[in-house]
2 protein chains.
Amino acid sequence: MLSKPALSRVCIALAERSYDIVIGMDLLSDSATYAGLPKAETAMIVTNATIAPLYAKHLENALKTHYPRVLQVILPDGEAYKDWKNLNLIFDALLENGCDRKTVLFALGGGVVGDMTGFAAATYMRGVPFVQVPTTLLSQVDSSVGGKTAINHPIGKNMIGAFYQPSLVVTDISTLSTLPARELSAGLAEVIKHGIMADWAYFEWLEANMDKLLQGDVAAMAYAVRVSCEIKARVVSLDEREGSSGIRATLNFGHTFGHAIEAGLGFGVWLHGEAVACGMVMAARLSQGLGLVDAAFVERVTKLLIRAGLPVAGPESITPDEYIHHMSVDKKAEGGQIKFVVIDKPGHAKVQAAPNDLVIAALK
Amino acid sequence: MLSKPALSRVCIALAERSYDIVIGMDLLSDSATYAGLPKAETAMIVTNATIAPLYAKHLENALKTHYPRVLQVILPDGEAYKDWKNLNLIFDALLENGCDRKTVLFALGGGVVGDMTGFAAATYMRGVPFVQVPTTLLSQVDSSVGGKTAINHPIGKNMIGAFYQPSLVVTDISTLSTLPARELSAGLAEVIKHGIMADWAYFEWLEANMDKLLQGDVAAMAYAVRVSCEIKARVVSLDEREGSSGIRATLNFGHTFGHAIEAGLGFGVWLHGEAVACGMVMAARLSQGLGLVDAAFVERVTKLLIRAGLPVAGPESITPDEYIHHMSVDKKAEGGQIKFVVIDKPGHAKVQAAPNDLVIAALK
């Protein structure tokens with residue numbers, strides 16, 4: 001690539017909680033990126049042991065222009081550490097350093113760091129500002145956008161959390177150059193999801209450009225990140241708190257089955273995106289079982305996921321009973337009845353219950 | 001008393017988060033009290049080991065009319081247990097019983113139960129409805145109103161929490177008949193606070209009626225609870241999240257010194273109301289030191305607190321340095337500078353910083 005993709009800006013419109021996602025190259029280390037943020041004595045970077053050596057110093061230098069004191073907390077890397085014990089490392093650091101209610105937290109890393117930092121920001125002194133600086137494709141197109149924050153409980157993923165919006169999302173496409181291939185693929189699962197559940201033309205663009213994306217073409221990547229953020233922004237602006245309209249719940253396409261895989265294997269064995277990819281194939285098959293889509297649709301979805309380097313068959317160690325058990329504690333469940341996100345036509349999703357035999361058939 | 005005080009209703013006006021406080025006799029056990037609440041499969045009563053034998057069965061019976069399943073979690077009693085470990089008992093019970101996102105939590109007890117249940121409700125599956133059923137005077141006039149929820153951190157009180165409003169507050173004056181005298185006095189500290197910082201005529205009414213209140217006269221008690229709730233409702237409606245206006249922060253009159261006493265002695269040694277009483281004398285003395293009020297005002301405040309059975313001198317074991325240290329992690333502190341709520345005329349408070357020598361002089 002000779003030319004840098006232009007800076008783009010996607011607004012999450014939520015009245016007084018509105019904020020921008022800025023998308024571009026080399027944003028993270030540019031102090032101008034952070035110019036409009038709330039003023040404070042202290043900024044605290046929360047990151048993990050993998051990302052810290054790559055980007056923490058760059059972010060720290062950029063923030064020093066704006067904040068007299070820039071602190072760091074380094075968490076262990078991985079979904080298995082997304083628990084209260086590690087969340088408490090953030091609270092300990094904030095309190096031991098006498099951080100006040102104006103302190104701005106910066107989540108530098110992937111989805112786990114973003115979810116934990118966001119939840120810490122939501123609850124430290126009943127709420128301090130925070131900024132998402134996602135460094136993985138998955139967090140750039142999904143978890144950094146929309147204000148869902150959480151930690152896991154041994155019985156279920158993301159069971160303890162809050163809706164809490166960041167002040168800004170800094171999506172620096174250049175960070176994807178250091179992303180391992182497996183994590184790139186995991187991110188592509190959520191990218192493909194956006195096409196399937198909200199924009200079939202985007203799905204077709206992804207079919208045409210998958211090779212470029214896998215090769216790390218920054219222009220293609222910047223386009224995919226922007227369109228995915230736009231789709232998510234539209235959905236979140238209509239239904240911030242996953243209300244009874246069911247609009248936001250459609251973003252969970254593939255996630256009911258996917259969470260069951262993650263819980264069944266133990267969090268962190270499969271990457272979230274891998275579990276979601278497999279879950280999307282199951283949910284597509286369930287949609288077919290319900291007579292909403294045809295076999296060709298399921299085939300086409302499966303094929304693109306395979307091309308993206310993602311698993312499309314569940315681990316053999318999880319039994320159908322275990323799937324049903326894990327899915328019944330899903331947050332969409334009501335009175336014990338599991339609700340599924342299904343596709344009623346390519347590029348459009350809805351939420352509904354489904355008979356157990358069709359669900360089990362969809363597991364294959 | 002021959003006649004029952006009439007039922008009264010105080011509205012907390014917060015747009016879509018508005019709710020009522022209903023105040024009266026024998027409300028807790030009356031199923032009609034709960035008629036307007038959100039429908040759900042499950043209600044969960046969270047209470048403590050002291051309150052459970054007194055009222056849990058009554059509440060359970062009343063709720064059974066509305067909810068097919070009524071569960072209970074019993075926490076240990078006391079401020080010392082207001083931590084993550086005990087909060088987790090609530091999450092464990094919710095998840096082990098497969099409680100969904102519509103489950104309604106009922107906080108039956110004093111401030112600790114209310115704060116913990118509220119925080120559990122704020123964060124379980126990113127938010128479920130909850131109802132406050134305060135059974136102590138302190139929680140009826142203060143902690144059940146306004147949506148502050150939290151747990152303690154070893155370094156500071158209420159450091160981890162959320163602003164999260166209940167759906168209803170059920171203030172049953174009859175429960176005060178079982179309240180130990182020491183806890184009645186602790187509640188009177190917050191009642192007296194409302195007079196000092198917001199309504200001097202109310203302070204004068206309290207001077208005239210303190211004997212009745214100490215004797216448990218239900219008409220006097222119902223009046224005091226209602227006026228205190230009205231004062232708090234007015235303040236909270238103007239400034240829900242303790243914003244930069246400083247309006248809500250004035251409700252913390254006496255609390256900066258008070259929290260330092262609680263932290264210095266170890267949480268739970270003194271009751272919160274006792275620490276606040278003593279803190280109010282210190283804050284009144286600081287206001288005098290700043291030239292805002294005269295010695296007669298300090299004297300009058302001190303005298304009423306003594307009549308209410310409250311301590312007005314700090315524990316000798318806490319040194320001035322320890323006070324300053326504990327106060328510097330107060331949530332009102334900014335950039336290390338402690339902010340105090342001071343009285344600028346009887347019945348009116350404001351927030352400001354103060355020179356260290358005056359603060360130390362106020363500790364006496």
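Among A:VAL342, A:VAL170, A:VAL227, the residue with the largest mean-square fluctuation in a Gaussian network model of chain A, with springs joining Cα atoms closer than 10 Å, is A:VAL227.
Based on the reciprocal of the average 1/r between different C-alpha atoms, the Kirkwood radius for region B:39-117 equals 12.6 Å. Summarising the amide proton neighbourhood of B:TYR19: residues at separation of 5 or more, or on other chains, whose placed amide H is nearer than 5 Å comprise B:ILE12, B:LEU14.
Here the accessible area of region A:8-178 is 53 percent carbon and sulfur, with a 1.4 angstrom probe and all protein chains present.
A:PHE119 sits among other residues whose Cβ lies under 10 Å from its own Cβ, and their net charge, with Lys and Arg +1 and Asp and Glu -1, is +2. Comparing A:SER29, A:SER287, A:SER228 in a Gaussian network model of chain A (Cα springs below 10 Å), the most mobile by mean-square fluctuation is A:SER29. When you work out D = kT/(6 pi eta Rh) for region A:181-363 at 4 °C and 1.567 mPa s, using the Kirkwood radius from C-alpha pairs as Rh and the Stokes-Einstein form, the result is 79 µm²/s. The sum of -39500 (n - 2.57) across all DSSP H runs of n ≥ 4, divided by the residue count of chain B, sets its helix-only mean residue ellipticity at 222 nm to -13000 deg cm²/dmol.
Contact residues in region B:116-133 (at least 30 Å² less accessible area with all protein chains than alone, 1.4 Å probe): B:THR123, B:MET125, B:ARG126.
Starting from the coordinates of the alpha-carbon atoms of region A:61-186, obtain the Kirkwood hydrodynamic radius over all distinct pairs and give the value in Å to one decimal. In region A:61-186 this quantity evaluates to 14.9 Å. With its label point defined 7 Å out from Cα along the Cα-to-Cβ axis, A:ASN97 lies at 4.1 nm from the matching points of the other copies, in increasing order. In angstrom, the C-alpha Rg and Dmax of the protein assembly as shown are 27.3, 89.
Look at the dipole of chain B built from charges on Cβ: of B:GLY216, B:TRP270, B:ALA120, the Cα furthest out on the positive end belongs to B:ALA120. For region A:291-364, the gyration tensor built on C-alpha atoms gives an oblate shape. Its axis ratio a/c (a ≥ b ≥ c) is at least 1.5, and a/b is not larger than b/c. Residue by residue, region A:153-161 carries 3J(HN,Hα) couplings of 10, x, 8, x, 6, 6, 7, 10, x Hz when phi is fed to the Karplus relation 6.51 cos²θ - 1.76 cosθ + 1.60 (θ = phi - 60°); x denotes Gly or Pro.
Within region A:217-251, the residues that become at least 20 Å² less accessible when every protein chain is included than when their own chain is isolated (1.4 Å probe; DNA, RNA and ligands ignored) are A:ARG241, A:GLU242.
Over region A:166-237, the alpha carbon radius of gyration divided by the compact-protein estimate 2.2 N^0.38 Å works out to 1.09. When accessible surface is computed with a 1.4 Å probe, chains A and B are found to bury approximately 3300 Å² between them, both chains counted. For region B:1-145, the C-alpha radius of gyration sits at 1.01 times the compact-globule guess of 2.2 N^0.38 Å, with N the residue count.
For region A:152-174, accessible area lost to neighbouring protein chains reaches 40 Å² or more, against the chain alone with a 1.4 Å probe, at A:HIS153, A:ILE155, A:MET159, A:ILE160, A:GLY161. Remark: chain B is approximated by an ellipsoid whose semi-axes, taken from the C-alpha gyration tensor as √(5λ), come to 33, 23, 18 Å, largest first. Report in % the part of the accessible area of region B:200-300 that belongs to carbon and sulfur, leaving out ligands and nucleic acids; probe 1.4 Å. C and S atoms contribute 51 percent here. A Cβ-based charge dipole, computed about the Cα centre of the protein assembly as shown with Lys and Arg at +1 and Asp and Glu at -1, lands at about 840 debye.
Rg/Rh for region A:1-60: what does it come to with C-alpha atoms and Rh from Kirkwood?
Values: Rg = 14.2 Å, Rh = 14.0 Å.
Ratio of gyration radius to Kirkwood radius for region A:1-60: 1.01.
Membrane-span-like helices in chain A, defined here as complete DSSP H runs extending at least 27 Å along the helix axis by their C-alpha atoms with mean Kyte-Doolittle hydropathy no lower than 0.0, are A:218-238; this is a sequence and geometry rule, not a statement about a membrane.
For region B:203-262, just say rounded, prolate or oblate: build the C-alpha gyration tensor, square-root its eigenvalues into a ≥ b ≥ c, call rounded for a/c under 1.5, and beyond that prolate if a/b exceeds b/c, oblate if not. In terms of gyration-tensor shape, oblate. How large is the accessible surface per residue of region B:54-164, computed with a 1.4 Å probe and reported in Å² as a whole number? Using a 1.4 Å probe on heavy atoms only, each residue of region B:54-164 averages 27 Å².
The values are calculated or read from the model by the stated rules, or taken from the named source; none is laboratory data. Values in this document were obtained by computation on a predicted structure and should not be read as measured data. We place every Cβ from the backbone using ideal geometry, glycine too, and count neighbours over all the protein chains shown. What goes into the accessible areas is simple: the full protein's heavy atoms, side chains included, and nothing from ligands, DNA or RNA. Shrake-Rupley method; radii C 1.70, N 1.55, O 1.52, S 1.80 Å.
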